[in-house]
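Undergrad: Here you go, one structure.
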Amino acid sequence: MSLVTLKDLCLHDFTLESMPLLAELRQLSFARKPEICIERARYVTEYLRDHDNAADLPSLRQAKKVAHFLRRKTPALHDDNLLPGGTTSKALGAPLFPEFFALTLWPELDTVSERTNNPQPLSPEDARELNLEIFPFWINRTVVEVARKKFGGFTGLRLFEDLAFFIAGKAGCVSHTVPTYVPALKHGLLGIIEQATGDEKKRRRAGHNEQADFYAAVRIALEGLLDYASRLAAHYDALALRGAPHEAAGLQEMAEVCRRVPAHPARTFREAVTTVWICQIGIHAENINMAMSPGRLDQILYPYFDHDRREGLINTEQALELIGCLWCKLADNVDMVPEASEQLFGGAGSVPAVTLGGVDSRGKDAVNDLTYLMLRATELLSIRDPNVNARYHEGENSRAYLERVSDVIVSTKAVPAIHNDVANIAVLESQGEERAHARDYAIIGCVELSSAGREYAASSSIILNLVAPLEMALFQGKRPITANEQIGPLTPKPALMSSFEQFWRAFTMQLTWLIEHAIDLNEKLGAVHQQMMPSPLLSAFIEGPMQSGKDLIEGGALYNSSGATHIGFADVVDSLNAIEALIFQRKTVSFEELLEGVRSNFADKEGERLRLRLTNKAPKYGTSHPVARKNARRLVDTLFEIYRNHINYRGGPYRPAYWTMTNHAGLGSVCGALPNGRKAGKVLASGITPVSGAAPELTECLSSVASLGGASIPGGWALNLKYSPEEDTSAMVTHFADHVQAYFREGGHQVQFNIMTHELLEDARKNPEDYPELMVRVSGYSAYFKDLNDLMKEELITRTEYNLRSGQAVPYER
Amino acid sequence: MWSGSQINVWQKPAQWATLKVAESIIPVALERKSASGPFGRTLLTHAGGSTWLGKVMLEQIRALLGSRLRDCLESEAAEEFLEVLLRLMQITTLINPSFRENVTNFSARYQFLSRDRRLTVAVIFDDGWMCVRETTLPDPDITLTFSTGRALLQFLLTPNPDLLASVLRHEVEPEGNLNYLYKFAYLARRLQSMVIPA
């Protein structure tokens, strides 16, 4: 039975004009500049310096550290949002996690407030405290330094610090996960604490002290969160006493809600939304703000919404307002980004993903009225975070739902991303997940898949630059950027190779070598996390740890995967195509010529002629050319097989993925020229998207990408498409939905869009002041165009633009 | 040699004379152990700025080095940048309490190497003291190998910090605990702001 009762799925009657609170919060979200918040850094340092008991087991130590912070965390109130508190002390905060990369801010302490690119204000007092008190304490204690001390200067760490081979996610976080707040909603945190206390006693009596300590850790961390909630209530009561009568009522109501939840079970929609939000604040006290994704909110909040509506406690507008408030709160933080990173990788939010629609754990249509309210909130606010994702299950979800999702994308020009339930559920099942669990998947951060609330996915563990092994295969284990240094194994000289298979073997040898070092580093950093960064608070919100008495970081979750994403997929496939077709099949280019061209960055007229031949004559990924299709498929399958040979430190699999955030721009800037004719320093193609200009036919492009779908890409992918806007938006929505449906039928997993022209983006680059709110999809998440670095702006401008009606790429000449 | 490259930059005789005095005194004064004898203590008294002579002399040297650092930043000739920077850091540590505060309770061993190995400089911080030597340290906290003085300068001091890009381009190759590098970059930029106020 359908849970949709709304007459107008678009909810046209509800606008920013009719909801002034949302209009005000939206305006504030654009007006605010992110400020650096040192509060967490201050209190975790204070705890470890002054109160730590080195004899405590890691999870207990972590819980005490987190609780020490939560008991001192500022109960903030910055605006009229109906939800309390915030992840930081600032209205829009960039929190510092000294366990990871906060010390990269050290050189900029005096200048970060005023820097040219995305300044992040920091008061002189806070800068002084960081310089003299906090950073010195951590100088030898960060995750990476503890790993260096424990394991020495091993190859994996050296490759990581070289930056051009792979990025090790665990040096900066684990985070990237979808907790479940259902236990908090049903039982309240006091209920979970009661369970933890009981289990602690039982395990202690049985002599299982480690497990008993884990339960104690959960209790201590949750008590810290409850302390924060009760201080929020007290703070709002105090403000109500001082405030004007019309403000006092709202503050007292908020205080009343905080006294009730998350301590006790939620009874109303407002209490449920507040529970979700305060728990979300809690997990940010423990883990860094990277893609901590609240999951399927239209599912877990629906019973409360439905109850209130039936009881006449809430109307559609009030519910929509609360959802809008939650959206604005989820966007209340960004990552602290040092200027050096800003130049190469900047512009991202913290990407908390919300997942809507799809099917339930029985495989039935899960779209409900709340799904549409959340789509409307997304449409009205059009803000960067949360990263909203819509699931679509053909045969279960209605065409009306797909068209409404398409409508929101056309309207916002960017969000939400769409995910194919049929393909995604199948791939999670192929990873050994129970069918019901696979059906209940949610998106982490950009595009990664996770059984909601059951999986510690660590989906950003490895970000591997595929260009590196390609260059090492071309230059016998060396890279142009590292000159004569022998990096990888000494593979045969390409000029002496007589077949493409020989080159493929050299390439896969370098690839395997690099992946094994990336995995080795991930495993070693994982071991350090087990000592330094257990997650007792987050463990209370994921299925498994509370049953087994084992922290998430020890493998306590029901599912324990590690994600490995890949940068430069399309450029590498096209380079392999060029080598196979032009050197070995048609023999129109020799390997010597190619290597000289790549080495010299296609300098002089001869080089340019070669570059044009490579660009125009070689088969391209994104077309139906059999060589291109074969090499794309083969690379995907090879990567899957390499990772399949490894089990992570928590006992789970490695899952290859293809999303790039802004790394394809940053890493592209340091990669040499490639055999596909790409010149040195140019951006690489994003996600799993074909190279810009390489796939002129939209249907061929979609079909070519979709053909890669299936078990070999369990970590998710980002296909980034740009469509020309059309005047007749309702006709466009229909075409749009048709194309999505056709792509999903062929096996595509995910797709996201920018509905804008080359010219508009070019103009936005030239006149950023005219486009303060222009939101774009990068590769898995949304960003404001004005905040992106020059490389990313260039990539978005030159990204292939398709005309939906003609199905052809729109020519773009500068 | 460590000081050879910059002699020609001190054009005026008075400046040159001041520098020569500084060259004889500062290295001794800045070494805590060397300064432990009566002679050392006398030098330290003057060099530490606790006498009128010391203050005038050190302020003048600091001004000269500051001027030279400005030249390095503004010109393309950045080969002596590291030497100027370290001398300025040493002397500012000595005479400026607010700058010294940054290295109080701070111990660290830095190794700077030019890629051609013509420059091998060790910098040791030890609770408010800073020592610079042409030598190789057995176990530095961090080693920084740089292709050219210009690359190092850009790495540490350009208006738009270029740490990551420099590493990616292999113009500067750090090995060891990068947190010490961040700290050093902070000290360098603090000095830069003292020499060239915004």
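Undergrad: Given the residues A:VAL405, A:VAL388, which is the only one that is hydrophobic (A, V, I, L, M, F, W, C), outside any loop (DSSP other than H, G, I, E, B), farther than 17 Å from A:MET661 by Cα and touching a residue at least 12 places away in the same chain (Cβ under 8 Å)?
TA: A:VAL405
Undergrad: In region A:539-564, what count of residues is obtained for those that are within 23 Å of A:ILE462 (Cβ to Cβ) and touching a Ser or Thr at 6+ places or on another chain (Cβ under 7 Å)?
TA: Residues flagged as within 23 Å of A:ILE462 (Cβ to Cβ) and touching a Ser or Thr at 6+ places or on another chain (Cβ under 7 Å) within region A:539-564 amount to 9.
Undergrad: Within region A:102-148, which residues are assigned to a helix (DSSP H, G or I), facing another protein chain (nearest Cβ under 9 Å) and basic (Lys, Arg)?
TA: Listed by number, the list holds a single entry, A:ARG148.
Undergrad: For region A:149-171, what are the residues that are part of a helix (DSSP H, G or I), within 12 Å of another protein chain (Cβ to nearest Cβ) and open to solvent by less than 10 Å² (accessible area, probe 1.4 Å)?
TA: Once the filter is applied, which keeps residues that are part of a helix (DSSP H, G or I), within 12 Å of another protein chain (Cβ to nearest Cβ) and open to solvent by less than 10 Å² (accessible area, probe 1.4 Å), region A:149-171 yields A:LEU157, A:ALA171.
A quick yes/no check of all residues on (1) out of contact with any Cys (no Cβ under 8 Å at 6 or more places or on another chain); (2) open to solvent by less than 30 Å² (accessible area, probe 1.4 Å); (3) more than 17 Å from A:GLU271 (Cα to Cα); (4) part of a loop (DSSP other than H, G, I, E, B):
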| site | (1), (2), (3), (4) |
| --- | --- |
| A:GLN299 | yes, no, no, no |
| A:TYR304 | yes, no, no, no |
| A:ASP308 | yes, yes, no, no |
| A:GLY312 | yes, no, no, yes |
| A:ALA319 | yes, yes, no, no |
| A:GLY324 | yes, yes, no, no |
| A:TRP327 | yes, yes, no, no |
| A:ASP335 | yes, yes, yes, yes |
| A:ALA340 | yes, yes, yes, no |
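Undergrad: Between a first residue in region A:654-671 that is surrounded by fewer than 24 Cβ atoms within 10 Å (Cβ to Cβ) and a second residue that is in a loop (DSSP other than H, G, I, E, B), which pairs have beta carbons less than 7 Å apart while being 6 or more apart in sequence or on different chains?
TA: A:SER669/A:GLY681; A:VAL670/A:ALA164; A:VAL670/B:ARG169
Undergrad: What number of residues within region A:465-485 are polar (S, T, N, Q), over 29 Å from the mean Cα position of the chain (by Cα) and at pLDDT 95 or above?
TA: Number of matching residues: 1.
Undergrad: Considering only region A:493-542, state which residues are over 29 Å from the mean Cα position of the chain (by Cα), free of Cβ contacts under 8 Å to residues at least 60 places away in the same chain and part of a helix (DSSP H, G or I).
TA: Within region A:493-542, A:LEU496, A:GLU501, A:GLN502, A:ARG505, A:ALA506, A:MET509 qualify.
Undergrad: Does A:ALA196 qualify as being in a helix (DSSP H, G or I) and within 14 Å of chain B (Cβ to nearest Cβ)?
TA: No.
Undergrad: Name, by its number, the condition in (1) of a type in the set (A, V, I, L, M, F, W, C); (2) open to solvent by 10 Å² or more (accessible area, probe 1.4 Å); (3) in contact with a strand residue (DSSP E or B) (Cβ under 6 Å, 6 or more places away or on another chain) that does not hold for A:LEU356.
TA: Just one mismatch for A:LEU356, condition (2).
Undergrad: Just the residues that are closer than 20 Å to A:LEU11 by Cβ and either in contact with a strand residue (DSSP E or B) (Cβ under 9 Å, 6 or more places away or on another chain) or surrounded by 24 or more Cβ atoms within 10 Å (Cβ to Cβ) (or both), please, taken from region A:392-403.
TA: Those that are closer than 20 Å to A:LEU11 by Cβ and either in contact with a strand residue (DSSP E or B) (Cβ under 9 Å, 6 or more places away or on another chain) or surrounded by 24 or more Cβ atoms within 10 Å (Cβ to Cβ) (or both): A:TYR392, A:ASN397, A:SER398, A:TYR401, A:LEU402.
Undergrad: When you check A:SER712 against the structure, is it away from chain B (no Cβ under 14 Å), in a loop (DSSP other than H, G, I, E, B) and in contact with a His (Cβ under 9 Å, 6 or more places away or on another chain), yes or no?
TA: Taking the combined requirement at face value, the residue does not satisfy it.
Undergrad: Just name the residue that is most open to solvent (accessible area, probe 1.4 Å) out of those in region B:78-114 that are without any contact (Cβ under 8 Å) to a residue 24 or more places away in the chain and assigned to a helix (DSSP H, G or I).
TA: Selected residue: B:PRO97.
Undergrad: Moving to a separate point now. Report yes if some residue within region A:61-82 is open to solvent by less than 50 Å² (accessible area, probe 1.4 Å) and in contact with a Cys (Cβ under 6 Å, 6 or more places away or on another chain); otherwise report no.
TA: Yes, region A:61-82 contains a residue that is open to solvent by less than 50 Å² (accessible area, probe 1.4 Å) and in contact with a Cys (Cβ under 6 Å, 6 or more places away or on another chain).
Undergrad: Also, I was wondering about something else. Considering A:GLU125, A:GLU114, A:GLU129, A:GLU194, which residue is open to solvent by 30 Å² or more (accessible area, probe 1.4 Å) and touching a residue at least 60 places away in the same chain (Cβ under 8 Å)?
TA: Among A:GLU125, A:GLU114, A:GLU129, A:GLU194, only A:GLU129 is open to solvent by 30 Å² or more (accessible area, probe 1.4 Å) and touching a residue at least 60 places away in the same chain (Cβ under 8 Å).
Undergrad: I need a count of the residues in region A:464-486 that are open to solvent by 10 Å² or more (accessible area, probe 1.4 Å), within 14 Å of chain B (Cβ to nearest Cβ) and not in a helix (DSSP H, G or I).
TA: The qualifying residues number 4.
Undergrad: Could you check region B:133-160 and list, in sequence order, the residues that are more than 16 Å from B:TYR182 (Cα to Cα) and open to solvent by 30 Å² or more (accessible area, probe 1.4 Å)?
TA: Answer for region B:133-160, where residues must be more than 16 Å from B:TYR182 (Cα to Cα) and open to solvent by 30 Å² or more (accessible area, probe 1.4 Å): B:ARG133, B:GLU134, B:THR135, B:THR136, B:PRO138, B:ASP139, B:SER147, B:THR148, B:ARG150.
Undergrad: Among the listed residues A:PHE97, A:PHE69, which satisfies the condition of being within 26 Å of A:THR275 (Cα to Cα) and either assigned to a loop (DSSP other than H, G, I, E, B) or free of Cβ contacts under 8 Å to residues at least 60 places away in the same chain (or both)?
TA: The match here is A:PHE97.
Undergrad: I would also like to ask the following. State all residues of region A:621-653 that are assigned to a loop (DSSP other than H, G, I, E, B) and either open to solvent by 40 Å² or more (accessible area, probe 1.4 Å) or within 24 Å of A:ASN560 (Cβ to Cβ) (or both); if no residue qualifies, say none.
TA: A:SER624, A:HIS625, A:ASN645, A:HIS646, A:ASN648, A:TYR649, A:ARG650, A:GLY651, A:GLY652
Undergrad: May I ask you to list the residues in region A:316-356 that are in contact with an Asp or Glu (Cβ under 9 Å, 6 or more places away or on another chain), more than 21 Å from A:MET775 (Cβ to Cβ), of a type outside the set (Asp, Glu) and at pLDDT 95 or above?
TA: Of everything in region A:316-356, those that are in contact with an Asp or Glu (Cβ under 9 Å, 6 or more places away or on another chain), more than 21 Å from A:MET775 (Cβ to Cβ), of a type outside the set (Asp, Glu) and at pLDDT 95 or above turn out to be A:THR316, A:GLN318, A:ALA319.
The values are calculated or read from the model by the stated rules, or taken from the named source; none is laboratory data. All values reported here derive from a predicted model rather than from experimental measurement. Every residue, glycine as well, gets a Cβ built from its backbone with ideal geometry; the counts of neighbours run over all protein chains shown. For the accessible areas, the whole protein counts, side chains as well, though only heavy atoms, and no ligand, DNA or RNA atoms are used. Shrake-Rupley method; radii C 1.70, N 1.55, O 1.52, S 1.80 Å.
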